[in-house]
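The values are calculated or read from the model by the stated rules, or taken from the named source; none is laboratory data. None of these values were measured; they are calculated from a predicted model. Cβ atoms come from the backbone with ideal geometry, glycine included; neighbour counts cover every protein chain shown. Ligands, DNA and RNA are stripped out before the accessible areas are found, and what is left, the full protein with its side chains, is counted by its heavy atoms. Shrake-Rupley method; radii C 1.70, N 1.55, O 1.52, S 1.80 Å.
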Amino acid sequence: MPDTIDAQVLTQVAGQPVVELAARFGTPLYVYDAAVIARRIADLAAFEVIRFAQKACSTLAVLDLVRRHGVVVDAVSAGEIQRALAAGFQAGFDEPPQIVYTADIFDREALELVAAKQIPVNCGSPDMIDQYGERCPGRGITLRINPGFGHGHSQKTNTGGQQSKHGIWHTQLGQCVERARKFELSIAGLHMHIGSGTDLEHLSQVCGAMERAALAVGPSVHTISAGGGLPTPYREGDKRVDVAAYFELWEGVRRRLSEAFGHKVSLELEPGRYLVAESGSLIAEIRAVKRMGDNLFYVLDAGFNNLARPILYGAYHPMAVAYADGMGGPERRSGDKQPVVVGGPLCESGDIFTQEDGGYVRSRDLPAAQVGDFVVIGVAGAYGAVMGSNYNSKPLAAEVLVEDGQAHLVRRRQSFEDVIRGETIPK
Ligand code: LLP
């Protein structure tokens with residue numbers, strides 16, 4: 001297997017023939033390779049607690065898989081709490097808690113649920129402290145701090161600094177500790193997440209900010225969370241982040257705080273993308289091949305209703321071709337490549353997978369292909385299916401998890417009845 005599937009001819013995804021997957025489950029189809037998720041979890045083993053940011057891929061079978069590998073989970077909504085419970089995570093205040101609610105607000109449903117089910121909360125606004133304190137006085141909470149800087153792969157995924165709505169502004173930490181005291185809430189931990197798809201240089205700046213904030217709060221702090229944000233290689237030449245170096249930086253902070261407080265401080269990491277991105281592929285069928293002036297288009301049966309990252313962020317995903325006859329031999333591998341623009345079926349010109357930030361359409365060199373062949377879009381496991389929509393009344397795609405050589409349908413394709421469920425025409 002090459003390092004990247006980009007511009008290759010593929011015959012298999014996760015060890016399964018693409019043609020068979022498509023025939024059995026239809027397209028568009030998300031396929032997750034359990035072995036890849038297990039490998040990414042193992043990379044992070046030095047971290048005492050790995051808390052999966054399920055927003056990246058919250059399909060129940062994926063949650064169950066990470067749970068079986070000893071990973072705990074983060075939830076950002078009442079729905080994500082319910083998902084975690086449905087996948088077998090337990091509610092409660094054990095150390096480490098299996099489910100933590102992290103958000104900048106409580107909607108009324110979430111506040112009721114964390115109170116009723118005993119879900120620990122990580123407060124991202126002073127108002128959350130008041131609302132939780134009134135509802136659940138005397139519990140322990142953690143605070144999500146915005147350290148005043150942030151960084152992400154796109155301005156839209158930068159969650160620090162004053163243009164971000166996330167977290168408690170770092171200079172208000174003291175006031176928030178006071179606020180919590182009114183309700184006898186103890187500050188049991190601190191959390192910082194500066195953005196998604198950032199880099200080691202920016203991530204390491206968080207260490208110093210965390211150490212200062214924890215010392216300011218004092219020995220009630222028993223946990224620190226480094227948040228998520230670890231980047232994933234998408235393009236040829238993208239380097240995998242040096243996890244060992246990152247761990248050492250945080251381990252130093254953890255050790256110094258433990259010494260300063262005279263008790264153990266534990267360290268959490270909260271990755272989303274890193275654990276699941278590379279495990280996922282989106283298989284789509286080419287339904288039209290057409291020339292528009294200088295551009296040749298492959299028009300697929302998958303669009304931004306299935307994978308929104310290109311239209312939202314100009315995100316780059318590697319793409320390969322799988323032939324309908326299942327062939328990939330040497331003659332095919334070296335086959336002609338041609339510059340193509342890859343688009344989807346939606347009635348919107350932005351429905352292009354090969355675009356850059358700002359909506360600029362680009363072509364990509366891909367193997368020559370025809371209607372009926374498949375395009376495999378790689379590194380699509382994070383923020384792929386979860387950001388799917390019913391735009392143009394398209395059903396959400398089916399999802400398959402491949403584990404131990406078996407392909408399991410873990411979400412069936414929506415039916416038309418699913419798409420219109422809950423709608424009524426007034427009589
Ligand atoms: N923790 C918190 C509090 C977060 O807000 C996030 C991501 C994570 C952890 C996980 O970040 P990760 O390890 O995945 O970088 N839809 C965008 C990404 C949005 C991320 C939102 N928060 C994308 O497709 O790139």
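Brief remarks on what is shown
- No other residue among LEU296, LEU307, LEU282, LEU267 is hydrophobic (A, V, I, L, M, F, W, C) and more than 30 Å from PHE25 (Cα to Cα) apart from LEU267.
- For the stretch 153-163, the set of residues classified as more than 26 Å from PRO96 (Cβ to Cβ) and either outside any helix (DSSP H, G or I) or more than 16 Å from the ligand (Cβ to nearest atom) (or both) consists of HIS153, SER154, ASN158, GLY161, GLN162, GLN163, listed by residue number.
- The set of residues in the stretch 158-178 that are over 11 Å from LEU143 (Cα atoms), of a type outside the set (Gly, Ala, Ser) and crowded, with 19+ Cβ neighbours inside 10 Å comprises ASN158, THR159, HIS166.
- When GLY174, GLY228, GLY189 are checked against the criterion of being out of contact with any Cys (no Cβ under 6 Å at 6 or more places or on another chain), in contact (Cβ under 8 Å) with a residue 40 or more places away in the chain, closer than 30 Å to VAL276 by Cα and outside any loop (DSSP other than H, G, I, E, B), a single residue qualifies: GLY189.
- Test: residue in the stretch 307-321 that is more than 16 Å from the ligand (Cβ to nearest atom), under 23 Å from SER389 (Cα atoms) and among the small types (Gly, Ala, Ser): no
- Of the candidates GLU236, GLU278, the single residue that is acidic (Asp, Glu), within 16 Å of the ligand (Cβ to nearest atom), under 27 Å from THR354 (Cα atoms) and open to solvent by 20 Å² or more (accessible area, probe 1.4 Å) is GLU278.
- Apart from one condition, THR142 fits all of (1) assigned to a loop (DSSP other than H, G, I, E, B); (2) open to solvent by 10 Å² or more (accessible area, probe 1.4 Å); (3) of a type in the set (Val, Ile, Thr); the exception is (1).
- Subset tally (residues that are within 14 Å of the ligand (Cβ to nearest atom) and open to solvent by 30 Å² or more (accessible area, probe 1.4 Å)) for the stretch 194-230: 3
- Subset tally (residues that are within 16 Å of the ligand (Cβ to nearest atom) and among the polar types (S, T, N, Q)) for the stretch 99-133: 3
- Number of positions in the stretch 313-330 that are farther than 12 Å from PHE353 by Cβ and either under 17 Å from the mean Cα position of the chain (by Cα) or β-branched (Val, Ile, Thr) (or both): 2
- Selection within the stretch 175-193: residues that are out of contact with any helix residue (DSSP H, G or I) (no Cβ under 6 Å at 6 or more places or on another chain) and within 15 Å of the ligand (Cβ to nearest atom). The member of this set that is modelled with the lowest pLDDT is HIS193.
- Residues satisfying the stated conditions in the stretch 273-294, i.e. assigned to a strand (DSSP E or B) and touching a Ser or Thr at 6+ places or on another chain (Cβ under 6 Å): ILE283, ALA284, GLU285
- Single residue of the stretch 62-80 satisfying the filter (open to solvent by less than 10 Å² (accessible area, probe 1.4 Å), in a helix (DSSP H, G or I) and under 21 Å from VAL36 (Cβ atoms)) that is farthest from the ligand (Cβ to nearest atom): LEU65
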